[in-house]
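Here is the structure we will look at, set down as C-alpha cells.
Nothing in this text is a laboratory measurement; each read-out follows from the coordinates by a stated rule. Remember, predicted model here, so these are calculated numbers, not experimental data. Note: ideal-geometry Cβ built from the backbone for every residue, glycine included; neighbour counts use all protein chains shown.
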Amino acid sequence: MRLSIHPEKGLTVRAPFWVPEISIRKFVEEKSDWIQKQLSRLNHSKPKEKEYVDGEKHLYFGQEYDLNILYLKTPRRTEVKIHDDKIQVSLFEGHADNKRTNEIKEAILRFYLETGIAVITEKVNHYSSLLEVEYNRIDIKKVSSIWGSCSPTNRLSFNRKLIMAPHEVVDYVIIHEVCHLVQRNHSSHFWGLVAKFDPKYKEHRRWLHRNNQKLLV
C-alpha cells in the first residue's frame, strides 16, 4: 500500500483491490506521524494568499511588480496598467471596505486576462506559422491540473497562471500544445519536435513543477 499527499487533492491511499478496508484504515493510522509531517511541510511551503494592498508583490510574465493603488474621488470603472515598474490600480475611493479588496482583485485578473490573451495569441501565431499548422481558437482558463491542452478540434486552452510565468516558460507550454497539432501523442518524435523549438524544455517543465504554488493572482 502507498500514501501520497497533494497540495490540492489531499491524501491518497493506493491499495490492491483485495485489501480489506479495515487493513487500509490501520495502515493510515500507523502512518499518522508521517502524514502530519507532510501536511506541516505543505502548509509551510504554501504561499500566503494575496491581500491586494499597496506595495504587495505581484508577478506578470515572470517579472515582479509592486502594487500601487490610487484612490479617485470620482466614481469610475476600476482600471489597471503597468506604470513606472508598478502594477497601478486606479479605483473609486467610495468602495466599501468589505468590497474594495475584491474590486482590486477582479480588476487585476481582468487586466491579466485581457493582456495575457494578446501575448499568448501572438506566441501561438508565431509557432503555428513555423510549424505550418492551424488552430481553431485559443482559450485562457482557470484550471488546477494542466498547463495547456489541444482538443481534437484544434482548440488550444491554456492555464491562466501562465500569465505570471516567465516568457520562456510560457513559450515552452505553447510549443508543447502547438506541436500536438502535428503529433497527437508524446512519442519520441513529438519530444524531438518540441526540443527543436525549445532545447531547454526540460528545464522549463521543471520550473513549472517547482513554482506552481507561487503563481497566484
Using Cα-only point scatterers and the Debye equation, what is log10 of I(q)/I(0) for the chain at each q in 0.18 Å⁻¹, rounded to two decimals? -1.20
Residue 84 paired with residue 29, simple spin-label distance in nm, labels 7 Å along Cα-to-beta-carbon: 6.3 nm
Over the stretch 116-214, how many percent of alpha carbon pairs lie in each 5 Å bin up to the one with the longest distance? 2, 14, 27, 27, 21, 9, 1
Gaussian network model of the chain, springs between alpha carbon atoms under 10 Å - residue of 152, 20, 75 with greatest fluctuation: 20
Debye calculation, C-alpha points only, no solvent: report log10 I(q)/I(0) for the stretch 57-111 at q = 0.19, 0.22, 0.25, 0.31 Å⁻¹, in the same order as the q values. -0.62, -0.81, -1.00, -1.34
Which of the helices in the chain, when you take each full DSSP H run, stretch at least 30 Å along the axis at their Cα atoms and have an average Kyte-Doolittle score of -1.0 or higher? 97-131
So what is the 222 nm mean residue ellipticity for the chain from helices alone, if each DSSP H run of at least 4 adds -39500 (n - 2.57) and you divide by all residues, rounding to the nearest 500 deg cm²/dmol? -14000 deg cm²/dmol
Figure the gain on full extension for residue 119 and residue 93 (residue separation times 0.36 nm, minus the Cα-Cα span) and round it to one decimal in nm. 6.2 nm
Relative contact order of the chain, defined on C-alpha pairs under 8 angstrom at six or more residues apart (%): 15 percent
